[in-house]
1. Taking N as the number of residues in chain A, what is its Cα Rg relative to 2.2 N^0.38 Å?
2. Taking accessible area as the heavy-atom solvent-accessible surface of the protein chains with a 1.4 Å probe, which residues of region B:50-72 lose no less than 10 Å² upon going from the isolated chain to the full protein assembly?
3. Taking all protein chains in place and a 1.4 Å probe, what share, in percent, of the accessible surface of chain A do carbon and sulfur account for?
4. Along each of the three principal axes of the Cα atoms of region A:50-181, give the extent in whole Å, ordering the values from largest to smallest.
5. Quick one: how many Å² of residue A:201 are accessible to a 1.4 Å probe, rounded to 10?
6. Considering only A:223, A:198, A:354, whose Cα is most displaced toward the positive end of the charge dipole of chain A, charges sitting on Cβ of Lys, Arg (+1) and Asp, Glu (-1)?
7. In whole angstrom, and with the biggest value first, how far do the Cα coordinates of region B:15-61 range along each principal axis?
8. Using helices alone, what [θ] at 222 nm do you get for chain A, with -39,500 (n - 2.57) per DSSP H run of 4 or more residues, divided over all residues and rounded to the nearest 500?
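The values are calculated or read from the model by the stated rules, or taken from the named source; none is laboratory data. Model, not experiment: these values are computed from the prediction. Don't worry about glycine lacking a Cβ; one is built from the backbone with ideal geometry, like all the others, and counts go over all protein chains shown. All accessible areas refer to the heavy atoms of the entire protein, side chains included, with ligands and DNA or RNA removed. Shrake-Rupley method; radii C 1.70, N 1.55, O 1.52, S 1.80 Å.
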Amino acid sequence: MTALIPVTKMQLLETGIDGLDQIAEGGLPAGRSTVIAGTAGSGKTVLALQFLVDGIRRYGESGVFCTFEEDPADLVANVSSFGWNLNQMIEDNKIAVVDATQHVSDNVIEVGHFDLSALLARIENAVRRVGAKRVILDAIGALFPQFSDANMVRRELRRVQSGLRLLGVTTVVTMERTDEEGGVGRFGVEEFVADNVIVLRNRLEVEKRRRTIEILKFRGASHQKGEYPFTIDLRNGITIIPLSAIELVQKSSEVRVSSGVPELDKMCGGGMYRDSIILISGATGTGKTLMVTEYVKAAINAGERAILFGAEESAEQLRRNAASWGVDFADAERRGLLRIICRYPEIMGLEDHTIQMKRDMEEFKPARIAVDSMSAFERVSTPKSFREFVIGMTSYIKHQEITGLFTNTTSMLPGGESVTETHISTITDTIILLRYVELSGEMRRGLTVLKMRGTWHEKNIREYAMDRGGIQIGQPFTGVHGILTGSPSYGYADERQRLATMFPTSVADQSTLPA
Amino acid sequence: MTYQLRLYVTGRTPSSIRAIDNLRDICAKELYGDIEVDVIDVLENPALADDERILATPTLIKRLPEPVRRIVGDLSDRERVLIGLDIAGEPLVTLKTQGNSS
């Protein structure tokens, strides 16, 4: 009787591509081939080439790049905008090119039996010549129209695959799909060619392209399931945002920082936690931007750096607003304590915003950031990608122990629920509501700390006013119910009691003060 | 007429040997003039296969006379090889029917 040989754990090869190794839980299966399938323009070739380039740059592993469709010179030119100098790498014998394209002028006639041994021989030679660890076969679908017998091509591709396996190289094979959904490839070869399949998608959602990557299967290795958004940009090439692969391992800080409004700090039990996410939610004109300004001012005064991400106003407007409240943003910027970054949400997809904002934070290393307003980003996205954006942002800033303050504009004046709130309220640590309160025919403003994780906080709804000195938080509204629902009702026993609330310094009112 | 032919093969596989035999026979019986034939073993000289982007073996490339033609396969169908080499040895009509029936 033969005993089953214990299976050793699948060896993985780190690709070096941001995020891919996380969702692949370590990397691509080493010594195997992985198919990357996707529609035209989904980023297959970029991903494959980045696999080679990162191999050289990060791990000193040479590679072979075999192209079936695009002329090598064109490919080299196309990716030079990413700052990848393939020509130099070819010159340095880090990359060997196998040109398997067919030219129109080739005038091929088939007469009798043949196979693709020359292809395998050339790839093997290229692998040996540069000592390659990584091989890419780009657009193998282009091989099929070159020959009349598709079965022969399939058989030969399998031979190429086993040849590469014997060489011990890790191979990435790109393959075109006709649809975003359905079968993996066009020619029914994926089952033969690869144990491992990655699908790239490029869907149109709310008039914006949204790129996702999904690991469909890794034979013998575990991986994260489902689609992950990714971006392609000129600086980093492909960056995958490994959302659910983000672990909840943030440290928890006991250090408190000021919100910039001393009374609010008191309401929050002594200030905000340093690594917390604060959501300020209120209708237009309730003073959200003022809260942001105070918060940024607190950072500046503490000598800490802050980034203010503006989504609705220009940097110039934000500076002017701040100046009208007596805060000099321009001076703080000159002193290197503040950076104001304004981008309209519409200019790019949320995935790109995530990457861009992370990059800004990596560069500036702020202790605090503020986003004014978060709901502006929601406008341009689907609920799913918005949620991913918020999760991506919050997990990053928590990890970096940055304090984050987001604002959210509610649609109804006296309050009520907003979609942004329902989406991100569970992610934020502290929620502060700013509400209009209609009292006796007068619009007043009320503020309450709805939730604050891990600490005592005041539960009252306090009246506040805005003036040149910033936000002045006054006394709690008493005798009024239903402020948050937007339809307050009065519960005064008599007129004398109502009048008493109007004079907060009176002795009768002191009893309602928090302990 | 000057012929410059290159035959790419991989080692001593049956189809390589057949292709070499068939080409030798065609050169002896069908071609007249200066005939230059190079046989290149891709396993020994992969760089030469790179130059011509050879994928399939056997591949015969007719470099001269122009136009350049490629014939892949073991050259077992003589009529089709001759068409590929632009040698119309027989009346066109006959060639056509034979071409279709094969």
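1. 1.26
2. B:50, B:53, B:54, B:55, B:56, B:57, B:68, B:69, B:70, B:71, B:72
3. On the way: 11430 of 22200 Å².
Result for chain A: 51 percent of the exposed heavy-atom area is carbon or sulfur.
4. Result, largest extent first: 45, 35, 31 Å.
5. Accessible surface of residue A:201 is approximately 20 Å².
6. A:223
7. 31, 22, 15
8. -9000 deg cm²/dmol
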